[in-house]
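Visitor: Before we start, here is the structure in question, set down as structure tokens.
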Amino acid sequence: MRESLPDRRARMTKVLSIDKSAEEGLKELLKFLLENGKVKGVIALRKMGEDGTISYSLITSPEDVGSTMPLFPLMPVNLAKQLSRLTLLESATEPIAVVMRPCELRAFIELVKRTQGSLENILFISSTCGGVYPLKMAVEGNIEESLPEYWKGLGKGELIPNTRLACQACQYFVPYTADITVSLLSNKEIDKETTLLLNTEKAEAIVEGISGKFSERDLDTAKIEQIRSKRKTEKEKLSDEPELKNLGIDDITKTFSRCIGCRNCSKVCPACYCHVCFFETETSQYEPVYYERELQKTGCVNMLSDTIYYHLVRLFHVSTSCTACGQCADACPADIPLWAISLKMGESVQKTFDYLPGKDIEEGLPITTFLPEEFAGVV
Amino acid sequence: MTTNRKGALLPAGGNLQQGILDFIKQALKQSAFDAVLMPSRVPAGDSFAYFLIQSEAVLGGATPLSPIMPVQGARVISSITRHGKGKNRIAVITRPCEARATIELSKLGQIDLENITVITMDCPGVMPMSDYFKDTGKGDRVFEDASQNWNSQPMRPLCQICDNFSSVGGEDLHIGIIGMESDGILLIPCSLKGENTLSKIGLSLGDNIADWEASVSKLTDERKKKRNQSNEGLRSDIRGIDRLLQAFSKCINCHNCMRVCPICYCRQCNFDSDKMKFSFDDYITRGEARNGLRIPTDMLLFHIGRMLHMSLSCVSCGMCEDACPMAIPVSQIFTLVGDKNQEAFDYILGRSVDEPLPLTTFEEEEFLEVEQSYAGVSPGQEGQDD
């Protein structure tokens, strides 16, 4: 991985502490921003009126902050994809604040690099992330009862049971480009105090006037490294499963054998932004003569045979930008462990290019960046 | 069900699935068709897919009664014939709901039936994919046991209330298996193509279908009752916009229901098109007007729009619900609406290939009660809740 960028400022990060639990303190900040006209709107998870479902919502009134649950451990949709939709035709014309997880933020940065959205006028709030629960748990309705365990695990910086496997294996749980980072992991005070790291000058300016304590400190790198090494061990354990270990063509064939060809993995993927997927174009539709020829060759044609081709091409297309959010696996009706396949593929491609997707908006996409000295061994 | 139909009995040695395969083998050998399209286990063994088959060896391993429906058969037939009929004459072995969707798609110009022989069979239902994939070995046993006893309990919720599990009318040939355990399979031609298939393999028709018809009609009545009950129960749950919104509340707007639906054939769905992309200011305005804007936006609009587009052709196969990552009872809701709409137009899906689509047929005398109440001519109709 490329060395991290030189610190934007030589001094330590300015920190705002609010005398409330992390979620309440963050809500206080959101309310402050709306009440004082510092932002026009806020996008965050919210408990919906109809039945308490947790969904992302765009709110514009400070009164609605009460029903938000900005740190609720669920990712109903990858917000990067939605934020791209909101800023695709035009940039935000007025400032908004968005609360998103580190992998969503990285995915959005990738989309902006691909001109699918705009950073303008957006205040990014993220957190040191303990992961989210699978969508399946939202269906079964048993997330609420796991919340005490979740928050306890966050404070201790432990792996939280039953969270997405992609989350348990995630190394990039500290946001790179957030204006404000809520310190959650290994923060024993999260039920009493909100610690907001003001990473940018924009963040420092926008909180001016809020009541709270200001200090200067950075995230405890030793603790962060501890968590990272736990996750790394977990990742190795998870990707050692027999069907995921080698991922040669035989394994791939077996892993994708249950695929029903619905391509829902691409529809929920923030990196799959094509308006019309190649596999839905006329190029991928065959004339009857194609089937006649195939039939002559082997005496039988598997009508779902394009699925592996589709998955390989999709992996090829998204591998430099995949942030391993795990949305694909959660949305798969056949329960294929797509998260692990994307993670493995992404990791190895990204390592080859010395590129971490979404880390830095200034860093060019590997495929569009020509380096004369690259891949000397191959050429 | 008409009573003047005739059938040919083919002994199956106690194994109905094998009986179906033997019949197909014979028909292929006698060139009744050039290839057959039917489900078979995938090479890895843990799922099923449609295979276009010519080789007799491959045919031996096919599974006309597969425990799950990973893809709706009509979609597969459409992918083969959408660009025209091709040279091969193909027999497709489908479930009744797949055949009905096939007939709908042919009316919608998405399937060319000229070289296709549609063969249906009495259907015990299919299991939800999520149940089957949890433990495929157990799934195979559960399905085998349930299908032999016509126990629909482990099947898709819609299979449990399906009253169209037998001959649909518009197919070419139907295979009767319900109540036929010891006798064999009953081959009932429904068109000239079907009759020709049977005569090619030298089968003659007899008046032997009364017992089978009785079994079908008994189960049909039971299922009709169950379907009405289920529809009525659901109706009160989803009545009005608030309750409908609640029913779809967990929706993540992935549109997978639309992509696996055999009837949703549009290349580019309106709800995925540029028409549904708005300016930033538009989102803010909507957020301000409604105390917050749910993201993804336009979720309920999509479902209502899709309902409007396809409910007259909805075959209640349950594919949408099976492919929904949030386990929303989409197909039950669509069936409730579809049943009502189809009834209003007196339209029975799959009954005949020649029957035109209701929305393309103008009848002067249609829906007078609706028009009159709008015109104020019929005060008696006003204020009615339904």
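Visitor: Go through the range B:175-252 and tell me which helices (runs of 4 or more DSSP H), entirely inside it, have 1 or more residues that are over 29 Å from B:Arg294 (Cβ atoms).
Guide: Answer list for the range B:175-252: B:192-200, B:210-238.
Visitor: With respect to B:Ala327, determine if the residue is within 14 Å of chain A (Cβ to nearest Cβ) and loosely packed, with under 14 Cβ neighbours inside 10 Å.
Guide: When the stated conditions are applied, B:Ala327 does not pass them.
Visitor: Go through (1) outside any strand (DSSP E or B); (2) within 12 Å of chain B (Cβ to nearest Cβ); (3) under 30 Å from A:Lys136 (Cβ atoms); (4) in contact with an Asp or Glu (Cβ under 8 Å, 6 or more places away or on another chain) one by one and return the number of the condition A:Arg46 breaks.
Guide: Here A:Arg46 meets the rest and fails (1).
Visitor: Kindly indicate whether any position in the range B:87-94 is within 18 Å of B:Phe51 (Cβ to Cβ), within 13 Å of chain A (Cβ to nearest Cβ), more than 11 Å from the chain's Cα centre (by Cα) and of a type in the set (S, T, N, Q).
Guide: Yes, the range B:87-94 contains a residue that is within 18 Å of B:Phe51 (Cβ to Cβ), within 13 Å of chain A (Cβ to nearest Cβ), more than 11 Å from the chain's Cα centre (by Cα) and of a type in the set (S, T, N, Q).
Visitor: Here are the criteria: (1) more than 8 Å from chain A (Cβ to nearest Cβ); (2) at pLDDT below 95. Tell me which single one B:Thr285 does not satisfy.
Guide: Unmet for B:Thr285, out of (1) more than 8 Å from chain A (Cβ to nearest Cβ); (2) at pLDDT below 95: (2).
Visitor: Of the residues B:Met1, B:Met69, B:Met38, which single one is among the aliphatic types (A, V, I, L, M), within 21 Å of B:Arg100 (Cβ to Cβ) and at pLDDT below 95?
Guide: Unique residue meeting the criteria: B:Met1.
Visitor: A:Glu158: in contact (Cβ under 8 Å) with a residue 40 or more places away in the chain and more than 14 Å from every other protein chain (Cβ to nearest Cβ), yes or no?
Guide: Criteria met by A:Glu158.
Visitor: When only residues in the range A:132-183 that are farther than 29 Å from B:Cys324 by Cα and among the basic types (Lys, Arg) count, which is surrounded by the fewest Cβ atoms within 10 Å (Cβ to Cβ)?
Guide: It comes out as A:Lys152.
Visitor: Count, please, the residues in the range A:23-52 that happen to be in contact (Cβ under 8 Å) with a residue 40 or more places away in the chain and either in contact with a Leu (Cβ under 6 Å, 6 or more places away or on another chain) or among the charged types (D, E, K, R) (or both). Working first, answer last.
Guide: Within the range A:23-52, the subset in contact (Cβ under 8 Å) with a residue 40 or more places away in the chain is A:23-30, A:32-33, A:36, A:38-45.
Within this subset, residues satisfying the condition of being either in contact with a Leu (Cβ under 6 Å, 6 or more places away or on another chain) or among the charged types (D, E, K, R) (or both) are A:23-24, A:27-28, A:38-43.
Qualifying residue count for the region: 10.
Visitor: If you check A:Leu295, A:Leu247, A:Leu238, which single one turns out to be in contact with a strand residue (DSSP E or B) (Cβ under 7 Å, 6 or more places away or on another chain) and either within 16 Å of A:Ile336 (Cβ to Cβ) or not assigned by TED's automatic domain parsing to the domain that holds A:Cys170 (or both)?
Guide: Values: A:Leu247 fails: in contact with a strand residue (DSSP E or B) (Cβ under 7 Å, 6 or more places away or on another chain); A:Leu238 fails: in contact with a strand residue (DSSP E or B) (Cβ under 7 Å, 6 or more places away or on another chain).
Only one candidate passes the filter, namely A:Leu295.
Visitor: Taking the range B:41-66, which residues are closer than 21 Å to B:Ala99 by Cβ and either surrounded by fewer than 17 Cβ atoms within 10 Å (Cβ to Cβ) or more than 10 Å from every other protein chain (Cβ to nearest Cβ) (or both)?
Guide: Filtering the range B:41-66 for residues closer than 21 Å to B:Ala99 by Cβ gives B:48-53, B:59, B:62-66.
If the condition is that a residue be closer than 21 Å to B:Ala99 by Cβ and either surrounded by fewer than 17 Cβ atoms within 10 Å (Cβ to Cβ) or more than 10 Å from every other protein chain (Cβ to nearest Cβ) (or both), then B:Thr63, B:Pro64, B:Leu65, B:Ser66 are the ones that fit.
Visitor: Name every residue in the range A:220-269 that is of a type in the set (Lys, Arg) and either under 24 Å from the mean Cα position of the chain (by Cα) or more than 9 Å from chain B (Cβ to nearest Cβ) (or both), in order of residue number.
Guide: Filtering the range A:220-269 for residues of a type in the set (Lys, Arg) gives A:223, A:228, A:230-232, A:235, A:237, A:245, A:254, A:258, A:263, A:267.
If the condition is that a residue be of a type in the set (Lys, Arg) and either under 24 Å from the mean Cα position of the chain (by Cα) or more than 9 Å from chain B (Cβ to nearest Cβ) (or both), then A:Lys223, A:Arg228, A:Lys230, A:Arg231, A:Lys232, A:Lys235, A:Lys237, A:Lys245, A:Arg263, A:Lys267 are the ones that fit.
Visitor: Okay, moving on. Quick one: count up the residues across the range A:300-327 that are in contact with a Cys (Cβ under 9 Å, 6 or more places away or on another chain) and either of a type in the set (Asp, Glu) or farther than 23 Å from B:Gln72 by Cα (or both).
Guide: Count: 10.
Visitor: Moving to a separate point now. If I ask for residues that are surrounded by fewer than 22 Cβ atoms within 10 Å (Cβ to Cβ), within 18 Å of the chain's Cα centre (by Cα) and at the interface with chain A (Cβ under 10 Å from one of its Cβ atoms), which ones from the range B:252-282 would you list?
Guide: Correct list: B:Arg259 only.
The values are calculated or read from the model by the stated rules, or taken from the named source; none is laboratory data. Keep in mind that what you see is a predicted model, and the values were worked out from it rather than measured. Note: ideal-geometry Cβ built from the backbone for every residue, glycine included; neighbour counts use all protein chains shown.
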